[in-house]
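What follows is one structure encoded as structure tokens, with my remarks underneath.
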Amino acid sequence: MKSGNSILSSYGTTIFEVMSRLADQHKAVNLGQGFPDGNGPPDVVEAAARYLADGWNQYPPMPGLPSLRQALATHNARFYGLEVDWATQTLVTSGATEALAACLFGLLEPGDEVVLFQPLYDSYVPIIRRAGAIPRFVSLKAPDWSFTAADLDAAFSDRTKLVLINNPQNPAGKVWGREELELLASRVIAHDAMALCDEVYEHLVFDGRKHIALMSLPGMGERTLRIGSAGKTFSLTGWKVGYVTAPAALLGPVIKAHQYLTFTTPPNLQHAVALGLSKDDAYFAGLAGDMQARRDRLSAGLTAAGLKVLPCAGTYFLTVDLAASGIDEDDKDFCRRLTEQVGVAAIPISAFFEVDAPTHLARFCFCKRDEVLDEAISRLGKLRRSGRGGAEP
Ligand code: PMP
Ligand code: GLN
């Protein structure tokens, strides 16, 4: 028999699934795959149940329910000062994952180049390649994950159609500053390209920082698509409700891709997420504050276990530098040993690189209840006792 698509067949099962299954098998505390272990805001969950019981169970309009699209337009104005026409500039998708695929399939032609920043989320490159486009990488390096104008100039070319960024950035915990965004915007405009912004962690930014949407910079509104996820903003990752905000001319082809990928997203969830996006400022501040406290709890525990923790300004994730912790093991071996022998699962950061992967970094997820973090921290004490790292703090 003939074989399946060679590009997709060349990839294994995602590292998140692999590590979650390994964690289950070894009854490890799962600080690998990024998902909160709470149940989300009760009013949002109750609204979803109510709409389900009230009969919102058939296909909603293909681009999304007006209630959610209007709430999204209002959210864009409220947090980023963006003026968005809900009827022509918003789209509801089945998660940010579908939003990314719809944008990439909708916008790219074979031979187009896409500039990407490593470390990167694992769904980007397979879809770009399946669309026939060519990825060009800018590699960010720990601990500050910064880049220069020369890095951009080496990656952009006459064939650059799109730049894809993730801000705040998983797994780096990097929140892009205004100067970096301005530098990137200058190159996007100079190459008459588009920007696709994966901003699923937009409300998970710490220490009083503010998330800046690239779309809000001068000259970028007409060429930027912005993706969000209710999974992250309401700690309901299983719902898979995502959304895209973009100028109508760019959104048009994306909607065409969406109509052939999933067509619609469950209507009860859409109504509930509309309610969520309209929540008061205390909710959004509380989400970030609560997650910041968890970051600090896990960071202190990792440090006490002798692990060198890198700064984290946003997202759900902390990075540990194994080499600087005196651990002479590559990230994959370390994460496997940690899961099997110490009972704590983490993700090797090399999985977020397509080329030139560093092998001395591991990612730990902190969006967990205090008792779960404390159990992980207590198990990590074994690391020091085993004599195989980490070092004295
Ligand atoms: N982008 C990034 C950077 C992510 O970490 C995730 C995690 N789930 C997604 C996209 C996908 O979001 P969703 O679950 O809404 O598809
Ligand atoms: N975004 C989540 C993470 O980075 C995982 C999502 C998934 O498993 N595909 O851990």
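Per-residue SASA remark: MET194, around 40 Å² accessible (1.4 Å probe; ligands, DNA and RNA not included). Computed over region 1-88, the quotient of the alpha carbon radius of gyration and 2.2 N^0.38 Å is 1.69.
Principal-axis analysis of the Cα atoms of the chain puts helix 267-277 at an angle of about 70° to the longest axis.
Give me the distance between the Cα centres of region 230-275 and region 14-61, rounded to whole Å. After rounding, the separation between the Cα centres reads 16 Å. Going by alpha carbons, how many degrees (0 to 90, nearest 10) lie between the helix axis of 42-53 and the longest principal axis of the chain? Around 50 degrees separate the two axes.
Hey, if we sort ASP280, ASP151, ASP112 by accessible area with the 1.4 Å probe, largest down, what's the order?
On the way: ASP280 100, ASP151 60, ASP112 25 Å².
Greatest to least solvent exposure: ASP280, ASP151, ASP112.
Under a 5 Å amide H cut-off, with hydrogens placed 1.01 Å from N, VAL344 pairs with VAL29, THR339 among residues at least 5 apart or on other chains.
Compared with the rule-of-thumb size 2.2 N^0.38 Å for a compact globular protein, region 52-140 has a Cα radius of gyration ratio of 1.37. Only loop residues by DSSP count here, and only those with at most 11 other Cβ atoms within 10 Å; note down the trypsin sites (Lys or Arg not before Pro) in region 180-278 that meet that. Counting only loop positions with at most 11 other Cβ atoms within 10 Å, the trypsin sites (Lys or Arg not before Pro) in region 180-278 are LYS210. Pairs of Cα atoms nearer than 8 Å and 6+ residues apart set the relative contact order; for the chain it is 24 percent.
Rounded to the nearest 20, the size of the Cβ-charge dipole of the chain about its Cα centre is 660 debye, with Lys and Arg at +1 and Asp and Glu at -1.
Work out, step by step, the length gained on full extension between LYS256 and ALA304: first 0.36 nm times the residue separation, then minus their alpha carbon distance; give nm to one decimal.
Working: separation 48, 0.36 × 48 = 17.28 nm, distance 5.16 nm.
Between LYS256 and ALA304, full extension yields an extra 12.1 nm.
The simple spin-label model puts a point 7 Å past each Cα toward its Cβ; for ARG178 and THR74 those points are separated by 2.8 nm.
Using +1 on the beta carbon of Lys and Arg, -1 on that of Asp and Glu, and nothing else charged, what's the dipole of region 228-315 about the Cα centre, debye to 20?
Details: 8 positive and 4 negative charges, 58 e Å.
Its charge dipole is roughly 280 debye.
Among the chymotrypsin sites (Phe, Trp or Tyr not before Pro) within region 278-374, which fall in a DSSP loop and have no more than 13 other Cβ atoms within 10 Å of their own Cβ? Could the numbers behind the result be given before it?
On the way: sites: TYR283, PHE284, TYR316, PHE317, PHE334, PHE352, PHE353, PHE364, PHE366; in loops: TYR316, PHE353, PHE366.
Sparse-neighbourhood loop chymotrypsin sites (Phe, Trp or Tyr not before Pro): none present.
Within region 214-334, the proportion of Cα pairs with more than 16 Å between them is 74 percent. Need one word for region 99-257: rounded, prolate or oblate. Basis is the Cα gyration tensor (sqrt eigenvalues a ≥ b ≥ c); a/c below 1.5 gives rounded, then a/b vs b/c decides. Taking the square roots of the gyration eigenvalues as a ≥ b ≥ c, region 99-257 is rounded. Here the 3J(HN,Hα) profile of region 79-93, calculated from phi with Karplus coefficients 6.51, -1.76 and 1.60 at θ = phi - 60°, is 9, 10, x, 8, 9, 10, 8, 4, 6, 10, 10, 9, 8, 9, 10 Hz, Gly and Pro shown as x. Proximity of backbone amide H atoms, modeled 1.01 Å from N, is registered between VAL163 and VAL115, MET194, ALA195, LEU196 at under 5 Å, excluding neighbours fewer than 5 places apart on the same chain.
With 20 Å bins beginning at zero, the pair-distance distribution over Cα atoms of the chain amounts to 28, 58, 14, 0 %.
Using a Förster radius of 51 Å, what is the FRET efficiency between ALA190 and PHE263 based on their Cβ-Cβ separation? Nearest 0.05, please.
Between ALA190 and PHE263 the formula returns 0.85.
The C-alpha atoms of the chain define a longest principal axis, and helix 370-385 lies at about 40 degrees to it.
Rounded to the nearest 0.05, what FRET efficiency do ASP290 and LYS2 have when you use their Cβ-Cβ distance and R0 = 41 Å? Step by step, r from the Cβ atoms, then E = 0.20.
A cut-off under 10 angstrom between Cβ atoms defines the neighbours of LEU307, and their net charge, with Lys, Arg +1 and Asp, Glu -1, is +1. If R0 is 22 Å, the Cβ-Cβ spacing of ASP280 and ARG209 corresponds to a FRET efficiency of close to 0.60. For region 343-381 versus region 280-299, the inter-centroid distance based on Cα atoms is 19 Å.
Of the cross-linked pairs LYS232/LYS382; LYS232/LYS279; LYS161/LYS256; LYS210/LYS332, which ones have a Cα-Cα span greater than 25 Å in the structure shown? Could you put the intermediate results ahead of the total?
Numbers: LYS232/LYS382 32 Å; LYS232/LYS279 15 Å; LYS161/LYS256 19 Å; LYS210/LYS332 34 Å.
Where the Cα-Cα span goes over 25 Å, the pairs concerned are LYS232/LYS382; LYS210/LYS332.
Spin-label model, GLU109/SER146: points 7 Å from Cα along the beta carbon direction are separated by 3.9 nm.
The values are calculated or read from the model by the stated rules, or taken from the named source; none is laboratory data. Just so it is clear, the model here is predicted, and its values are computed rather than measured. Glycine gets a Cβ as well: all are built from the backbone with ideal geometry, and neighbour counts include every protein chain shown. SASA here: full protein model, heavy atoms, side chains in, ligands and nucleic acids out. Shrake-Rupley method; radii C 1.70, N 1.55, O 1.52, S 1.80 Å.
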